[in-house]
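A short worksheet on the structure shown next.
The values are calculated or read from the model by the stated rules, or taken from the named source; none is laboratory data. Please read these numbers as outputs of a predicted model, since none were measured by experiment. Here the Cβ positions follow ideal geometry from the backbone for every residue, glycine too, while neighbour counts run over all protein chains shown.
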Amino acid sequence: MGSRIAVFGTGYLGATHAACMAELGHEVVGVDIDPAKLAKLEAGEVPFYEPGLDEILQRNVAAGRLRFTSSYHEAAEFADIHFIGVGTPQKKGEFAADLTYVDAVIETLSPLIDRPSVIFGKSTVPVGTAARLGARARELSPVGEQLEVAWNPEFLREGYAVQDTLHPDRLVLGLDSERQGRAEMAAREVYASLLDENIPFLITDLATAELVKTAANAFLATKISFINAMAEVCEAAGADVSMLADAIGHDARIGRKFLNAGIGFGGGCLPKDIRAFMARAGEIGADEALTFLREVDNINMRRRTRMVDMAKDALGGSLLGARIAVLGSAFKPNSDDVRDSPALNIAGQMQLQGASVTVYDPKAIENSRALFPTLEYAPSTYDACSGADLVMVLTEWEEFRSLDPHSISSAVRRRIIIDGRNCLDRDRWRTANWNYRGLGRP
Ligand code: UDX
(Lines give C-alpha, C1' and ligand atoms only; values in the text may rest on other atoms or scores of the structure.)
Protein backbone atom coordinates (compact mmCIF):
# COMPACT_ATOMS: atom_id res chain seq x y z
CA MET A 1 0.00 0.00 0.00
CA GLY A 2 1.32 3.39 -0.96
CA SER A 3 1.19 6.55 1.14
CA ARG A 4 -1.43 9.27 0.83
CA ILE A 5 0.26 12.40 -0.37
CA ALA A 6 -0.75 15.98 -1.12
CA VAL A 7 1.48 18.19 -3.30
CA PHE A 8 0.96 21.96 -3.12
CA GLY A 9 1.75 23.84 -6.32
CA THR A 10 1.37 22.31 -9.79
CA GLY A 11 4.06 24.18 -11.71
CA TYR A 12 7.20 22.60 -13.20
CA LEU A 13 8.20 21.22 -9.82
CA GLY A 14 4.86 20.38 -8.19
CA ALA A 15 3.13 18.78 -11.17
CA THR A 16 6.16 16.62 -11.86
CA HIS A 17 6.49 15.59 -8.22
CA ALA A 18 2.78 14.76 -7.92
CA ALA A 19 2.76 12.64 -11.09
CA CYS A 20 6.00 10.87 -10.20
CA MET A 21 4.86 10.07 -6.65
CA ALA A 22 1.72 8.48 -8.15
CA GLU A 23 3.96 6.60 -10.56
CA LEU A 24 5.79 5.18 -7.53
CA GLY A 25 2.44 3.73 -6.39
CA HIS A 26 1.23 6.38 -3.94
CA GLU A 27 -2.20 7.99 -3.85
CA VAL A 28 -1.68 11.63 -4.65
CA VAL A 29 -3.69 14.81 -4.73
CA GLY A 30 -2.20 17.89 -6.42
CA VAL A 31 -3.35 21.23 -5.04
CA ASP A 32 -3.28 24.61 -6.76
CA ILE A 33 -5.19 27.88 -6.66
CA ASP A 34 -5.31 28.23 -10.46
CA PRO A 35 -8.52 26.60 -11.78
CA ALA A 36 -7.33 26.66 -15.42
CA LYS A 37 -4.21 24.65 -14.54
CA LEU A 38 -6.23 22.19 -12.46
CA ALA A 39 -8.73 21.59 -15.26
CA LYS A 40 -5.93 20.79 -17.70
CA LEU A 41 -4.17 18.45 -15.31
CA GLU A 42 -7.43 16.65 -14.47
CA ALA A 43 -7.91 16.12 -18.21
CA GLY A 44 -4.43 14.59 -18.44
CA GLU A 45 -2.88 17.63 -20.09
CA VAL A 46 0.42 19.07 -18.80
CA PRO A 47 0.13 22.90 -18.79
CA PHE A 48 3.79 23.27 -19.86
CA TYR A 49 6.24 21.33 -22.02
CA GLU A 50 8.12 18.58 -20.22
CA PRO A 51 9.08 15.46 -22.18
CA GLY A 52 7.50 12.26 -20.84
CA LEU A 53 5.39 13.92 -18.15
CA ASP A 54 2.07 13.73 -20.03
CA GLU A 55 2.28 9.94 -20.26
CA ILE A 56 2.84 9.54 -16.53
CA LEU A 57 0.14 12.05 -15.73
CA GLN A 58 -2.44 10.35 -17.95
CA ARG A 59 -1.58 6.85 -16.74
CA ASN A 60 -1.92 7.76 -13.08
CA VAL A 61 -5.03 9.91 -13.45
CA ALA A 62 -6.67 7.01 -15.33
CA ALA A 63 -5.58 4.55 -12.63
CA GLY A 64 -7.24 6.75 -9.98
CA ARG A 65 -3.97 7.30 -8.09
CA LEU A 66 -3.70 10.97 -9.04
CA ARG A 67 -6.20 13.79 -8.90
CA PHE A 68 -6.21 17.55 -8.53
CA THR A 69 -8.12 20.01 -6.40
CA SER A 70 -8.17 23.60 -5.25
CA SER A 71 -9.47 22.55 -1.82
CA TYR A 72 -7.01 22.59 1.07
CA HIS A 73 -9.70 20.95 3.22
CA GLU A 74 -9.85 18.00 0.85
CA ALA A 75 -6.06 17.71 0.81
CA ALA A 76 -5.71 17.90 4.61
CA GLU A 77 -8.42 15.30 5.09
CA PHE A 78 -6.97 12.94 2.48
CA ALA A 79 -3.23 13.05 3.15
CA ASP A 80 -0.91 13.02 6.13
CA ILE A 81 2.21 13.58 4.04
CA HIS A 82 2.36 16.99 2.37
CA PHE A 83 4.90 18.38 -0.07
CA ILE A 84 5.31 22.09 -0.79
CA GLY A 85 6.33 22.68 -4.41
CA VAL A 86 5.28 26.29 -5.01
CA GLY A 87 7.54 28.91 -6.56
CA THR A 88 9.95 31.25 -4.76
CA PRO A 89 10.55 33.92 -7.41
CA GLN A 90 12.82 36.94 -7.08
CA LYS A 91 11.17 39.90 -5.34
CA LYS A 92 10.51 42.85 -7.63
CA GLY A 93 13.40 45.30 -7.52
CA GLU A 94 15.33 43.24 -4.95
CA PHE A 95 17.66 40.26 -4.87
CA ALA A 96 15.76 38.45 -2.11
CA ALA A 97 13.36 35.55 -2.69
CA ASP A 98 9.64 36.18 -2.47
CA LEU A 99 8.26 33.67 0.02
CA THR A 100 4.62 34.71 -0.30
CA TYR A 101 3.51 31.42 -1.87
CA VAL A 102 5.36 29.15 0.55
CA ASP A 103 4.05 31.15 3.51
CA ALA A 104 0.51 30.99 2.13
CA VAL A 105 0.61 27.18 1.98
CA ILE A 106 1.69 26.96 5.63
CA GLU A 107 -0.87 29.54 6.77
CA THR A 108 -3.75 27.84 4.94
CA LEU A 109 -2.82 24.20 5.45
CA SER A 110 -1.61 24.05 9.06
CA PRO A 111 -4.90 25.01 10.79
CA LEU A 112 -6.61 22.19 8.87
CA ILE A 113 -4.22 19.47 9.99
CA ASP A 114 -5.88 17.56 12.82
CA ARG A 115 -3.79 14.38 13.01
CA PRO A 116 -0.04 13.68 13.18
CA SER A 117 1.38 14.72 9.80
CA VAL A 118 4.54 15.75 8.01
CA ILE A 119 5.08 18.70 5.69
CA PHE A 120 8.10 18.32 3.40
CA GLY A 121 9.31 21.49 1.76
CA LYS A 122 10.76 21.04 -1.73
CA SER A 123 10.86 24.66 -2.91
CA THR A 124 14.22 26.47 -2.95
CA VAL A 125 14.22 28.78 0.08
CA PRO A 126 16.67 31.03 1.95
CA VAL A 127 18.43 29.21 4.78
CA GLY A 128 16.43 29.52 7.99
CA THR A 129 13.03 29.41 6.29
CA ALA A 130 12.25 25.78 7.24
CA ALA A 131 12.78 26.39 10.96
CA ARG A 132 10.58 29.49 10.82
CA LEU A 133 7.83 27.64 8.89
CA GLY A 134 8.01 24.71 11.31
CA ALA A 135 7.40 26.96 14.31
CA ARG A 136 4.52 28.69 12.54
CA ALA A 137 2.92 25.40 11.43
CA ARG A 138 3.01 23.99 14.98
CA GLU A 139 1.50 27.20 16.30
CA LEU A 140 -1.38 27.08 13.80
CA SER A 141 -2.22 23.38 13.81
CA PRO A 142 -4.57 21.85 16.38
CA VAL A 143 -2.09 18.96 16.70
CA GLY A 144 0.80 21.30 17.54
CA GLU A 145 4.03 19.34 18.03
CA GLN A 146 2.58 16.40 16.10
CA LEU A 147 2.93 18.38 12.90
CA GLU A 148 6.48 18.19 11.59
CA VAL A 149 8.17 20.28 8.94
CA ALA A 150 11.18 18.75 7.17
CA TRP A 151 13.11 19.90 4.09
CA ASN A 152 13.59 17.70 1.05
CA PRO A 153 15.15 19.89 -1.68
CA GLU A 154 14.49 19.15 -5.31
CA PHE A 155 17.30 19.10 -7.86
CA LEU A 156 15.34 18.39 -11.04
CA ARG A 157 16.28 20.03 -14.33
CA GLU A 158 13.56 21.14 -16.69
CA GLY A 159 13.53 18.95 -19.76
CA TYR A 160 14.68 15.96 -17.65
CA ALA A 161 12.25 16.44 -14.78
CA VAL A 162 10.74 12.94 -14.84
CA GLN A 163 14.08 11.21 -15.10
CA ASP A 164 15.56 13.40 -12.34
CA THR A 165 12.61 12.73 -10.02
CA LEU A 166 12.41 8.98 -10.55
CA HIS A 167 16.19 8.45 -10.74
CA PRO A 168 17.78 11.24 -8.71
CA ASP A 169 21.53 11.44 -8.03
CA ARG A 170 20.75 11.73 -4.34
CA LEU A 171 17.96 12.36 -1.87
CA VAL A 172 18.52 14.96 0.81
CA LEU A 173 16.36 15.22 3.91
CA GLY A 174 16.73 17.99 6.46
CA LEU A 175 15.23 17.22 9.86
CA ASP A 176 14.48 19.45 12.80
CA SER A 177 17.25 18.40 15.18
CA GLU A 178 15.13 19.28 18.22
CA ARG A 179 12.15 17.15 17.20
CA GLN A 180 12.85 13.82 15.61
CA GLY A 181 9.50 12.28 14.91
CA ARG A 182 7.90 10.68 11.90
CA ALA A 183 9.49 12.70 9.12
CA GLU A 184 12.34 10.30 8.41
CA MET A 185 10.02 7.29 8.44
CA ALA A 186 7.56 9.07 6.15
CA ALA A 187 10.35 9.94 3.70
CA ARG A 188 11.58 6.33 3.73
CA GLU A 189 8.02 5.20 2.99
CA VAL A 190 7.54 7.66 0.13
CA TYR A 191 10.92 6.98 -1.48
CA ALA A 192 11.10 3.25 -0.63
CA SER A 193 11.53 2.09 -4.21
CA LEU A 194 14.28 4.63 -4.86
CA LEU A 195 16.09 3.66 -1.66
CA ASP A 196 15.90 0.02 -2.77
CA GLU A 197 17.99 1.09 -5.75
CA ASN A 198 20.64 2.40 -3.36
CA ILE A 199 20.23 6.03 -4.26
CA PRO A 200 22.36 7.97 -1.76
CA PHE A 201 20.15 9.27 1.05
CA LEU A 202 21.64 12.06 3.10
CA ILE A 203 20.02 13.11 6.35
CA THR A 204 20.96 16.54 7.61
CA ASP A 205 19.65 19.33 9.80
CA LEU A 206 17.16 21.78 8.30
CA ALA A 207 19.65 24.56 7.52
CA THR A 208 22.09 22.23 5.77
CA ALA A 209 19.35 20.77 3.58
CA GLU A 210 18.25 24.24 2.52
CA LEU A 211 21.86 25.19 1.79
CA VAL A 212 22.59 22.02 -0.20
CA LYS A 213 20.18 23.22 -2.87
CA THR A 214 21.40 26.80 -2.92
CA ALA A 215 25.05 25.77 -2.89
CA ALA A 216 24.52 23.29 -5.74
CA ASN A 217 22.92 25.96 -7.91
CA ALA A 218 25.59 28.52 -6.98
CA PHE A 219 28.29 26.03 -7.98
CA LEU A 220 26.63 25.27 -11.32
CA ALA A 221 26.19 28.98 -12.06
CA THR A 222 29.83 29.58 -11.16
CA LYS A 223 30.95 26.83 -13.50
CA ILE A 224 29.04 28.38 -16.39
CA SER A 225 30.32 31.89 -15.68
CA PHE A 226 33.85 30.54 -15.33
CA ILE A 227 33.79 29.08 -18.83
CA ASN A 228 32.11 32.21 -20.19
CA ALA A 229 34.90 34.31 -18.66
CA MET A 230 37.36 31.98 -20.39
CA ALA A 231 35.45 32.59 -23.62
CA GLU A 232 36.11 36.31 -23.25
CA VAL A 233 39.82 35.62 -22.71
CA CYS A 234 39.85 33.22 -25.69
CA GLU A 235 38.32 35.90 -27.89
CA ALA A 236 41.06 38.35 -26.88
CA ALA A 237 43.78 35.75 -27.34
CA GLY A 238 42.53 34.10 -30.53
CA ALA A 239 42.02 30.77 -28.74
CA ASP A 240 39.12 28.29 -28.85
CA VAL A 241 37.01 27.93 -25.70
CA SER A 242 35.30 24.70 -26.85
CA MET A 243 38.64 22.94 -27.18
CA LEU A 244 39.76 24.46 -23.91
CA ALA A 245 36.63 23.09 -22.18
CA ASP A 246 37.20 19.63 -23.68
CA ALA A 247 40.80 19.62 -22.52
CA ILE A 248 40.26 20.85 -18.95
CA GLY A 249 37.11 18.74 -18.69
CA HIS A 250 39.16 15.55 -18.99
CA ASP A 251 40.47 16.26 -15.52
CA ALA A 252 37.94 14.33 -13.42
CA ARG A 253 38.23 16.96 -10.69
CA ILE A 254 36.88 19.54 -13.13
CA GLY A 255 34.59 17.48 -15.38
CA ARG A 256 33.26 18.47 -18.81
CA LYS A 257 29.61 18.98 -17.80
CA PHE A 258 28.31 22.55 -17.43
CA LEU A 259 31.33 23.93 -19.25
CA ASN A 260 29.51 24.99 -22.40
CA ALA A 261 30.27 28.61 -23.16
CA GLY A 262 27.45 30.60 -24.70
CA ILE A 263 24.97 33.33 -23.95
CA GLY A 264 24.85 32.33 -20.29
CA PHE A 265 22.38 30.87 -17.88
CA GLY A 266 18.74 31.84 -17.48
CA GLY A 267 15.54 30.19 -16.34
CA GLY A 268 13.47 30.20 -13.20
CA CYS A 269 16.26 28.91 -10.95
CA LEU A 270 19.95 29.74 -11.35
CA PRO A 271 19.72 33.54 -11.79
CA LYS A 272 17.26 34.19 -8.97
CA ASP A 273 18.78 31.55 -6.70
CA ILE A 274 22.27 33.07 -6.70
CA ARG A 275 20.75 36.50 -6.03
CA ALA A 276 18.56 35.23 -3.19
CA PHE A 277 21.63 33.46 -1.78
CA MET A 278 23.59 36.72 -1.72
CA ALA A 279 20.65 38.54 -0.13
CA ARG A 280 20.28 35.91 2.57
CA ALA A 281 24.02 35.79 3.26
CA GLY A 282 23.82 39.54 3.87
CA GLU A 283 21.03 39.08 6.40
CA ILE A 284 22.95 36.48 8.39
CA GLY A 285 26.25 38.37 8.34
CA ALA A 286 28.03 36.21 5.74
CA ASP A 287 27.83 38.57 2.76
CA GLU A 288 31.61 38.73 2.31
CA ALA A 289 31.68 34.98 1.68
CA LEU A 290 29.53 35.38 -1.41
CA THR A 291 30.89 38.50 -3.09
CA PHE A 292 32.20 36.20 -5.85
CA LEU A 293 28.59 35.43 -6.80
CA ARG A 294 28.10 39.07 -7.70
CA GLU A 295 30.82 38.58 -10.33
CA VAL A 296 29.24 35.30 -11.48
CA ASP A 297 26.04 37.26 -12.09
CA ASN A 298 27.92 40.12 -13.81
CA ILE A 299 29.77 37.79 -16.18
CA ASN A 300 26.47 36.13 -17.00
CA MET A 301 24.61 39.36 -17.74
CA ARG A 302 27.56 40.63 -19.80
CA ARG A 303 27.10 37.67 -22.17
CA ARG A 304 23.85 39.22 -23.32
CA THR A 305 25.24 42.66 -24.16
CA ARG A 306 28.27 41.07 -25.81
CA MET A 307 25.95 39.10 -28.08
CA VAL A 308 24.20 42.28 -29.14
CA ASP A 309 27.61 43.85 -29.83
CA MET A 310 28.59 40.80 -31.84
CA ALA A 311 25.43 41.11 -33.94
CA LYS A 312 26.19 44.77 -34.52
CA ASP A 313 29.74 43.96 -35.52
CA ALA A 314 28.56 41.25 -37.94
CA LEU A 315 26.26 43.79 -39.58
CA GLY A 316 28.88 46.48 -40.00
CA GLY A 317 28.31 48.55 -36.85
CA SER A 318 24.56 49.16 -36.60
CA LEU A 319 21.37 47.18 -36.09
CA LEU A 320 19.14 49.93 -37.44
CA GLY A 321 16.82 48.50 -40.09
CA ALA A 322 18.48 45.06 -40.03
CA ARG A 323 16.31 41.94 -40.21
CA ILE A 324 17.44 39.39 -37.67
CA ALA A 325 16.20 35.82 -37.30
CA VAL A 326 16.46 34.48 -33.74
CA LEU A 327 16.31 30.69 -33.52
CA GLY A 328 15.37 29.60 -30.03
CA SER A 329 13.74 31.64 -27.27
CA ALA A 330 13.39 29.09 -24.44
CA PHE A 331 16.04 29.47 -21.72
CA LYS A 332 17.33 26.06 -22.77
CA PRO A 333 16.29 23.26 -25.15
CA ASN A 334 13.53 20.75 -24.32
CA SER A 335 11.64 23.39 -22.39
CA ASP A 336 9.00 26.01 -23.14
CA ASP A 337 10.14 28.09 -20.18
CA VAL A 338 11.15 31.65 -21.02
CA ARG A 339 11.63 32.97 -17.50
CA ASP A 340 14.79 35.10 -17.56
CA SER A 341 15.61 33.68 -20.97
CA PRO A 342 18.91 35.11 -22.26
CA ALA A 343 17.69 34.56 -25.85
CA LEU A 344 14.60 36.73 -25.42
CA ASN A 345 16.55 39.37 -23.56
CA ILE A 346 19.01 39.59 -26.46
CA ALA A 347 16.17 39.68 -29.01
CA GLY A 348 14.52 42.50 -27.05
CA GLN A 349 17.77 44.50 -26.80
CA MET A 350 18.34 44.21 -30.55
CA GLN A 351 14.82 45.39 -31.27
CA LEU A 352 15.38 48.42 -29.02
CA GLN A 353 18.42 49.23 -31.15
CA GLY A 354 16.32 49.36 -34.29
CA ALA A 355 16.48 45.81 -35.66
CA SER A 356 13.42 43.97 -36.84
CA VAL A 357 13.62 40.66 -35.00
CA THR A 358 11.70 37.50 -35.89
CA VAL A 359 11.76 34.63 -33.41
CA TYR A 360 11.13 30.95 -33.90
CA ASP A 361 11.21 28.30 -31.16
CA PRO A 362 9.89 24.73 -31.37
CA LYS A 363 7.93 24.97 -28.09
CA ALA A 364 8.23 28.38 -26.48
CA ILE A 365 6.52 30.77 -28.89
CA GLU A 366 3.32 31.13 -26.91
CA ASN A 367 5.16 31.91 -23.67
CA SER A 368 7.57 34.22 -25.52
CA ARG A 369 4.74 36.20 -27.07
CA ALA A 370 3.12 36.66 -23.67
CA LEU A 371 6.38 38.09 -22.27
CA PHE A 372 7.63 40.01 -25.34
CA PRO A 373 4.54 40.83 -27.43
CA THR A 374 6.35 43.38 -29.61
CA LEU A 375 8.75 40.87 -31.21
CA GLU A 376 7.67 39.08 -34.36
CA TYR A 377 7.14 35.33 -34.28
CA ALA A 378 7.38 32.85 -37.13
CA PRO A 379 5.97 29.32 -37.40
CA SER A 380 9.22 27.70 -38.64
CA THR A 381 12.96 28.18 -39.00
CA TYR A 382 12.56 28.89 -42.70
CA ASP A 383 9.90 31.55 -42.12
CA ALA A 384 11.96 33.22 -39.40
CA CYS A 385 14.97 33.33 -41.72
CA SER A 386 13.07 34.74 -44.65
CA GLY A 387 14.81 37.95 -45.79
CA ALA A 388 17.19 37.91 -42.81
CA ASP A 389 20.47 39.82 -42.79
CA LEU A 390 21.63 37.78 -39.81
CA VAL A 391 20.62 34.44 -38.27
CA MET A 392 21.30 33.83 -34.56
CA VAL A 393 21.00 30.46 -32.84
CA LEU A 394 20.29 31.29 -29.19
CA THR A 395 18.88 28.00 -27.82
CA GLU A 396 20.51 24.74 -28.81
CA TRP A 397 17.44 22.70 -29.79
CA GLU A 398 18.35 19.55 -31.75
CA GLU A 399 16.34 20.98 -34.65
CA PHE A 400 18.87 23.83 -34.94
CA ARG A 401 21.99 21.76 -34.25
CA SER A 402 21.14 19.49 -37.17
CA LEU A 403 19.95 22.29 -39.45
CA ASP A 404 21.23 21.92 -43.01
CA PRO A 405 22.79 25.29 -44.00
CA HIS A 406 21.59 24.78 -47.60
CA SER A 407 17.97 24.47 -46.42
CA ILE A 408 17.84 28.15 -45.37
CA SER A 409 20.37 29.63 -47.82
CA SER A 410 17.61 30.58 -50.25
CA ALA A 411 15.51 32.18 -47.47
CA VAL A 412 18.06 34.69 -46.16
CA ARG A 413 19.27 37.94 -47.64
CA ARG A 414 22.80 37.52 -46.26
CA ARG A 415 24.51 34.34 -45.13
CA ILE A 416 25.74 35.39 -41.70
CA ILE A 417 25.14 33.14 -38.69
CA ILE A 418 25.99 33.71 -35.03
CA ASP A 419 26.10 30.55 -32.97
CA GLY A 420 25.22 31.75 -29.47
CA ARG A 421 25.58 28.27 -28.00
CA ASN A 422 28.58 26.95 -29.95
CA CYS A 423 26.33 24.10 -30.99
CA LEU A 424 26.67 24.12 -34.78
CA ASP A 425 29.17 22.32 -36.96
CA ARG A 426 31.32 25.30 -37.90
CA ASP A 427 33.01 23.64 -40.89
CA ARG A 428 29.71 22.58 -42.37
CA TRP A 429 28.39 26.14 -42.32
CA ARG A 430 31.61 27.59 -43.71
CA THR A 431 31.69 25.01 -46.50
CA ALA A 432 28.15 26.09 -47.42
CA ASN A 433 29.50 29.64 -47.82
CA TRP A 434 28.15 31.06 -44.60
CA ASN A 435 29.98 33.64 -42.51
CA TYR A 436 29.96 31.66 -39.23
CA ARG A 437 30.70 33.31 -35.87
CA GLY A 438 30.88 31.39 -32.59
CA LEU A 439 31.61 32.58 -29.07
CA GLY A 440 35.15 32.37 -27.77
CA ARG A 441 36.27 30.79 -31.02
CA PRO A 442 38.53 32.35 -33.61
C1 UDX B 1 18.85 24.09 -12.66
C2 UDX B 1 19.68 23.00 -11.97
O3 UDX B 1 20.46 22.31 -12.95
C4 UDX B 1 18.77 22.04 -11.25
O5 UDX B 1 19.53 21.05 -10.57
C6 UDX B 1 17.92 22.82 -10.26
O7 UDX B 1 17.01 21.95 -9.60
C8 UDX B 1 17.16 23.93 -10.97
O9 UDX B 1 18.06 24.77 -11.69
P10 UDX B 1 17.37 24.20 -14.88
O11 UDX B 1 17.13 25.64 -14.54
O12 UDX B 1 16.23 23.36 -15.32
O13 UDX B 1 18.03 23.46 -13.64
O14 UDX B 1 18.42 24.20 -16.09
P15 UDX B 1 19.94 23.81 -16.32
O16 UDX B 1 19.99 22.63 -17.19
O17 UDX B 1 20.69 23.77 -15.08
O18 UDX B 1 20.41 25.07 -17.18
C19 UDX B 1 20.42 26.38 -16.62
C20 UDX B 1 20.92 27.40 -17.60
O21 UDX B 1 22.31 27.25 -17.79
C22 UDX B 1 20.30 27.31 -19.00
O23 UDX B 1 19.99 28.61 -19.45
C24 UDX B 1 21.39 26.67 -19.84
O25 UDX B 1 21.32 27.04 -21.18
C26 UDX B 1 22.64 27.24 -19.16
N27 UDX B 1 23.85 26.42 -19.34
C28 UDX B 1 23.91 25.16 -18.86
C29 UDX B 1 24.96 26.95 -20.01
O30 UDX B 1 24.93 28.08 -20.47
N31 UDX B 1 26.08 26.18 -20.15
C32 UDX B 1 26.17 24.92 -19.67
O33 UDX B 1 27.23 24.29 -19.83
C34 UDX B 1 25.05 24.39 -18.99
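Residues that are part of a helix (DSSP H, G or I), over 15 Å from Asn422 (Cβ atoms) and of a type in the set (Val, Ile, Thr) within region 235-258 comprise just one, Ile248.
Every condition in (1) over 30 Å from Gly262 (Cα atoms); (2) out of contact with any strand residue (DSSP E or B) (no Cβ under 7 Å at 6 or more places or on another chain); (3) of a type outside the set (A, V, I, L, M, F, W, C) is met by Ser177 except one, and the failing one is (2). Condition first: in contact with a strand residue (DSSP E or B) (Cβ under 8 Å, 6 or more places away or on another chain) and crowded, with 19+ Cβ neighbours inside 10 Å. Can you find one or more residues in region 217-228 that meet it? Checked region 217-228: no residue is in contact with a strand residue (DSSP E or B) (Cβ under 8 Å, 6 or more places away or on another chain) and crowded, with 19+ Cβ neighbours inside 10 Å. Scanning region 162-181 for residues that are modelled with pLDDT of 95 or more and surrounded by 14 or more Cβ atoms within 10 Å (Cβ to Cβ) turns up Val162, Gln163, Asp164, Thr165, Leu166, Pro168, Leu171, Val172, Leu173, Gly174, Leu175, Asp176.
Pairs only if they're at least six apart or on different chains, beta carbon under 9 angstrom, first in region 403-417 and in the same structural domain as Thr381 (by TED's automatic domain parsing) and within 17 Å of Leu315 (Cα to Cα), second outside any loop (DSSP other than H, G, I, E, B) and among the aromatic types (Phe, Trp, Tyr); list them, first residue then second. Qualifying pairs under 9 Å: Arg415/Trp429; Ile416/Tyr436; Ile417/Trp429; Ile417/Tyr436. Looking at Arg339, is it more than 16 Å from the ligand (Cβ to nearest atom) and either assigned by TED's automatic domain parsing to the domain that holds Gly87 or in contact (Cβ under 8 Å) with a residue 40 or more places away in the chain (or both)? No; evaluated as a whole, the condition is false for this residue. Only one of the listed residues (Arg136, Arg115, Arg157, Arg188) is modelled with pLDDT of 95 or more, within 16 Å of the ligand (Cβ to nearest atom) and farther than 19 Å from Asp32 by Cβ. That residue is Arg157. Please determine whether any residue of region 155-166 is hydroxyl-bearing (Ser, Thr, Tyr) and over 20 Å from Glu23 (Cα atoms). No, every residue in region 155-166 fails to be hydroxyl-bearing (Ser, Thr, Tyr) and over 20 Å from Glu23 (Cα atoms). The set of residues from region 91-120 being touching a Pro at 6+ places or on another chain (Cβ under 8 Å) and in a strand (DSSP E or B) comprises just one member, Ala97.
Checking each residue in region 379-417 for being within 19 Å of Asn345 (Cβ to Cβ) and over 25 Å from the mean Cα position of the chain (by Cα) picks out Ala384, Leu390, Val391.
Filtered by the rule that a residue be acidic (Asp, Glu) and either within 15 Å of the ligand (Cβ to nearest atom) or on the phi > 0 side of the Ramachandran plot (or both), region 266-306 gives Asp273, Asp297. Within region 382-401, does at least one residue satisfy the condition of being modelled with pLDDT of 95 or more, touching a Lys or Arg at 6+ places or on another chain (Cβ under 6 Å) and among the small types (Gly, Ala, Ser)? Taking every residue of region 382-401 in turn, at least one turns out to be modelled with pLDDT of 95 or more, touching a Lys or Arg at 6+ places or on another chain (Cβ under 6 Å) and among the small types (Gly, Ala, Ser).
One residue alone among Asp98, Asp103 is touching a Leu at 6+ places or on another chain (Cβ under 9 Å), closer than 29 Å to Ala216 by Cα and acidic (Asp, Glu), and that residue is Asp103.
Could you please find all residues in region 232-265 being charged (D, E, K, R), farther than 30 Å from Ala207 by Cβ and away from the ligand (no atom under 13 Å from the Cβ)? Across region 232-265, the qualifying residues are Glu232, Glu235, Asp240, Asp251.
For region 54-74, the set of residues classified as closer than 22 Å to Val105 by Cβ and within 23 Å of the chain's Cα centre (by Cα) consists of Leu57 only. The residue pairs whose first member lies in region 240-269 and is without any contact (Cβ under 8 Å) to a residue 40 or more places away in the chain, whose second member is near the ligand (Cβ under 6 Å from one of its atoms) and polar (S, T, N, Q), and whose beta carbons are closer than 8 Å, counting only pairs six or more residues apart or on different chains, are Ala245/Asn260.
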